[in-house]
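The values are calculated or read from the model by the stated rules, or taken from the named source; none is laboratory data. The structure presented is a predicted model; accordingly, all values stated were derived computationally and were not measured. Ideal geometry is used to build each Cβ from the backbone, glycine not excepted, and the neighbour counts take in all protein chains shown. Just the protein is used for accessible areas: all its heavy atoms, side chains included, with ligands, DNA and RNA removed. Shrake-Rupley method; radii C 1.70, N 1.55, O 1.52, S 1.80 Å.
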Amino acid sequence: MPTEKINIGIILGSTRQGRVSPQVGEWVKGIADQRGNADYEIVDIADFELPFLGTTDGTEPGIAAWNEKLASLDGFVFIVQEYNHSITGALKNALDFAREAWNNKAAGIISYGSTGGARAAEHLRGICGELKIADVRTHPTLSLFTDFENGTEFKPQALHLDNVNAMLDEVEAWSGALRTLR
């Protein structure tokens, strides 16, 4: 009996003007779509126009839509940029606007920055643990110095392809296994 494909959201972790996360997200989606093992979609937190947590009564339509989108997904790939040794405020806010929709799902992290975004990814791992997101080990890191031209045009080195595929293998396997808990 064929099983239904899992659904993975590629979460863009920045909302600022001039961001490069959409370029990275499209690159990851292109790699993932060639695999055919799961259905991948880009989920841009900017599209949900989330207010700052705690500043409203919580009835804005973007909040409900954000939670519905997350609930429809079996796993995630976070595109994370490093700002001041951590994740962006927009991503932290988006993470905090959901609770159960994150639980018992897997996530991979692709980060970038001057040190490959490693410090931001480590902060995100701690947050994932609290939200009951199982983050996978393989972690592709992209350098602002070697993978971006003039800091604005994404031109990844070919060596990242193996790491991205290994991470996607883990996210797909864990997402499928964790589906049985939900």
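Amide H of residue 142: which non-local residues (sequence gap of 5 or more, or other chain) have their own amide H closer than 5 Å, using H built in the peptide plane?
Those lying under 5 Å, H to H, from residue 142 are 111, 112, 113.
Find out how many positive minus negative residues lie around residue 26, taking Lys and Arg as positive, Asp and Glu as negative, among other residues whose Cβ is under 12 Å from that of residue 26.
Neighbour charge sum, excluding residue 26 itself: -2.
Diagonalise the Cα gyration tensor of the range 52-106 and give the resulting equivalent ellipsoid semi-axes, square root of 5 times each eigenvalue, largest first, whole Å.
19, 18, 8
Below 8 Å between Cα atoms, with a sequence gap of 6+, how large is the relative contact order for the chain in percent?
23 percent
For the chain, build the convex hull from the C-alpha positions and give me its volume per residue in Å³.
For the chain, the hull spanned by Cα atoms encloses 113 Å³ per residue.
Which ³J(HN,Hα) values in Hz, rounded to whole numbers, follow from the phi angles of the range 76-83 under the Karplus curve 6.51 cos²θ - 1.76 cosθ + 1.60, where θ = phi - 60° and Gly and Pro get x?
9, 10, 8, 9, 10, 9, 8, 10
How charged is the neighbourhood of residue 167? Take every other residue with its Cβ under 14 Å from the Cβ of residue 167, and add Lys/Arg as +1 and Asp/Glu as -1.
Summing Lys and Arg as +1 and Asp and Glu as -1 gives -1.
What share of the DSSP beta bridges in the chain is antiparallel, in percent to the nearest 5?
10 percent
Taking residue 69 as the anchor, which lysines have their alpha carbon closer than 19 Å to its alpha carbon, excluding any fewer than eight residues away along the same chain?
5, 29, 92, 105, 132
When the label point is put 7 Å from the Cα of residue 52 along its Cα-to-beta-carbon vector, which residues of the range 69-94 have a backbone N closer than 20 Å?
Residues 83-94 qualify, since their backbone N sits under 20 Å from the label point.
If I take R0 = 25 Å and measure r between the Cβ atoms of residue 132 and residue 155 in this structure, what FRET efficiency does the formula 1/(1 + (r/R0)^6) give, to the nearest 0.05?
Efficiency computed from Cβ-Cβ geometry: 0.10.
Roughly how much of residue 178 is accessible, in Å² to the nearest 10, using a 1.4 Å probe?
The accessible area of residue 178 comes to roughly 30 Å².
Local charge sum around residue 112 (other residues, Cβ-Cβ under 9 Å, Lys/Arg +1, Asp/Glu -1)?
Around residue 112, the surrounding residues sum to -2.
What residues have an amide H closer than 5 Å to that of residue 148, excluding those fewer than 5 places away on the same chain, when H is modeled at 1.01 Å from N in the peptide plane?
155
Using a 1.4 Å probe on the protein heavy atoms only, what accessible surface does residue 57 show? Give it in Å² to the nearest 10.
About 120 Å², ignoring ligands and nucleic acids.
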